[in-house]
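The values are calculated or read from the model by the stated rules, or taken from the named source; none is laboratory data. What you see is a predicted model, and the numbers here were worked out from it, not measured in a lab. Virtual Cβ from ideal backbone geometry, glycine too; neighbours counted across all protein chains shown. Ligands, DNA and RNA are stripped out before the accessible areas are found, and what is left, the full protein with its side chains, is counted by its heavy atoms. Shrake-Rupley method; radii C 1.70, N 1.55, O 1.52, S 1.80 Å.
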Amino acid sequence: MTKYLKEEEVKDSTLLEVSGALKEGKIVVFKTDTVYGMGTNAFDGDACEKVYEIKGRPKQKPLCLLISDISMLETLVECVSPAEKRLMDTFWPGPLTIKFRKKEGILPDIVSAGDEFVRIRLLSEGLAFELIQAAGVPVVAPSANLSENPTGIHVLSICEELDDKVDYILDSGDVCADTPSTIVEIVDEQAIVIREGIIKKDEIAKVVELAD
């Protein structure tokens with residue numbers, strides 16, 4: 001059975017309860033810096049597979065990771081290029097997801113859909129940040145909706161879709177818009193915008209040259 005909590009109810013011991021469940025591989029729905037996400041421990045392959053199953057998400061579509069501290073990044077990626085560093089310095093923490101070359105043997109292959117890259121963004125505030133910081137692990141968090149349905153921004157719709165499918169739903173109120181994070185890949189020190197979201201191409205172009 002899904003446990004429903006208002007954000008103001010998630011305090012102290014309850015935060016430890018939910019973050020502990022997140023670390024254990026339970027599925028927790030929470031508001032991110034963009035839309036609501038369906039989160040679980042990125043190190044837990046079975047839990048990540050369950051996220052795919054609940055959403056009906058194609059297995060060839062990789063998951064994005066949320067981190068609460070830059071030190072988490074160092075454990076997950078091979079290196080950070082100068083262009084990636086400029087993007088991080090400018091837009092992190094914030095709604096920019098960067099596609100990095102991952103370290104081998106750290107994350108389950110299902111997270112990256114079997115390829116050699118991982119998509120990551122850094123949070124610094126809000127309930128999602130507090131949960132991830134308390135859990136101490138990176139968290140996968142695709143949008144909290146079934147794949148054929150609109151993005152999860154309205155709590156009522158999220159509850160109707162995901163009740164009894166996830167372990168926790170944390171209600172922080174509705175989100176005003178369904179604009180996702182921007183996803184960027186750096187190739188030869190040039191930026192390829194995979195998905196344009198909150199951060200626009202012209203903002204990226206002020207920091208890193210765009211690929212043709």
Which pairs in the list LYS50/LYS99; LYS11/LYS206; LYS55/LYS200; LYS6/LYS201; LYS50/LYS201 are over 31 Å apart, alpha-carbon to alpha-carbon? LYS11/LYS206; LYS6/LYS201; LYS50/LYS201
Taking the Cα atoms of the chain alone, what are Rg (to one decimal) and Dmax (as a whole number) in Å? 16.3, 51
Is there a quick way to get the dipole size of the chain? I mean about its Cα centre, with the Cβ of Lys and Arg at +1 and of Asp and Glu at -1; what is the value in debye to the nearest 20? 220 debye
What does the helix-only formula give at 222 nm for the chain: each DSSP H stretch with n ≥ 4 adding -39500 (n - 2.57), the total divided by the residues, and the result rounded to the nearest 500 deg cm²/dmol? -8000 deg cm²/dmol
Highest-MSF residue in the chain out of SER172, SER143, SER81 [GNM, Cα springs under 10 Å]: SER81
Considering only protein heavy atoms and a 1.4 Å probe, what is the carbon-and-sulfur percentage of the accessible area of the chain? 48 percent
Stretched fully, the stretch from CYS79 through PHE117 gains (0.36 nm per residue minus C-alpha distance, one decimal, in nm) 12.5 nm
Enter the accessible area per residue of the chain (Å², integer; probe 1.4 Å; all protein chains in place). 47 Å²
Pick from PRO150, PRO138, PRO180: which is most flexible by mean-square fluctuation in a GNM of the chain where alpha carbon atoms under 10 Å apart are linked? PRO150
Before anything else, pin down the relative contact order of the stretch 1-58: Cα pairs under 8 Å, at least 6 apart, normalised by residue count, whole percent. 21 percent
